[in-house]
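Undergrad: This structure is in structure tokens; I'll ask about it shortly.
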Amino acid sequence: MKVLESLARACAVIAGVLLVAITLMTVYSVIGRDFFGKALTGDFEITAVLTGAAIALFLPYCQLRRGNIIVDFFTAKASESTQAKLDRFGAFLLAVMMALCAWRATLGGISAFKSNSGTMMLGFPEWIVYCFIVPGLALTAAIALMQAVRGFVKVEGEEVLQ
């Protein structure tokens, strides 16, 4: 489990670096547009590409820390045992969904590579974006599957994977 946790942390760091890059690029583009009359060409495309990659890379850490939304309105008065079973079942469903998303994103990336598709203004190869998205989805699936199989344990007031 330590390996999955380390990979999730690494993905979160990479996602944070991508968000810093987006921020710096946006500042550069706004300053260029307002003071020099010349914006960064394709800044909206780059923002969209990097944001999609960052979101996918944050998912594993979010799942590891159980940061996803849990609707417990109907189960609030259920026993801890029932809640634990439902949490594990929910983790299993998420694992299946993320695995399907990773599979389809992989096929999308292969298709984008074969067709040599790119963004409209810059022609940035779209398959590169999939290279960032697929690992995040696959790692989220692996973490959720481990949570479904092994359950959760409280550590320092926070529930984490065993």
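The values are calculated or read from the model by the stated rules, or taken from the named source; none is laboratory data. Here the structure is a predicted model, which means the values were calculated and not measured. As a convention, Cβ positions derive from the backbone with ideal geometry for all residues, glycine included, and neighbour counts pool all protein chains shown.
Undergrad: Is it the case that region 48-67 has a residue that's loosely packed, with under 12 Cβ neighbours inside 10 Å and of a type outside the set (A, V, I, L, M)? Walk me through it before giving the result.
TA: Taking region 48-67 as the starting set, the residues that turn out to be loosely packed, with under 12 Cβ neighbours inside 10 Å are 67.
If we keep only those that are of a type outside the set (A, V, I, L, M) too, we end up with 67.
Checked against the condition, which is being loosely packed, with under 12 Cβ neighbours inside 10 Å and of a type outside the set (A, V, I, L, M), region 48-67 yields at least one hit.
Undergrad: Does Ala99 fit the bill of being surrounded by 13 or more Cβ atoms within 10 Å (Cβ to Cβ), closer than 21 Å to Cys11 by Cβ and at pLDDT 95 or above? Steps first, answer last, please.
TA: Values: surrounded by 13 or more Cβ atoms within 10 Å (Cβ to Cβ): yes; closer than 21 Å to Cys11 by Cβ: yes; at pLDDT 95 or above: yes.
Answer is yes for this residue.
Undergrad: Do the conditions hold for Phe35, that is, is it surrounded by fewer than 16 Cβ atoms within 10 Å (Cβ to Cβ), part of a loop (DSSP other than H, G, I, E, B), among the aromatic types (Phe, Trp, Tyr) and over 23 Å from the mean Cα position of the chain (by Cα)? I'd like the intermediate steps shown before the answer.
TA: Values: surrounded by fewer than 16 Cβ atoms within 10 Å (Cβ to Cβ): yes; part of a loop (DSSP other than H, G, I, E, B): no; among the aromatic types (Phe, Trp, Tyr): yes; over 23 Å from the mean Cα position of the chain (by Cα): yes.
Judged against the criteria, Phe35 is not a match.
Undergrad: Restricting to region 61-115, name every residue that is in a helix (DSSP H, G or I), of a type in the set (D, E, K, R) and free of Cβ contacts under 8 Å to residues at least 40 places away in the same chain.
TA: Matches in region 61-115: Glu80, Lys85, Arg104, Lys114.
Undergrad: Just checking, does region 5-16 include any residue being of a type in the set (D, E, K, R) and over 14 Å from Thr140 (Cα atoms)?
TA: no
Undergrad: Residues of region 131-140 being buried (at least 23 other Cβ atoms within 10 Å of the Cβ) and more than 11 Å from the chain's Cα centre (by Cα), which ones?
TA: None; the set is empty.
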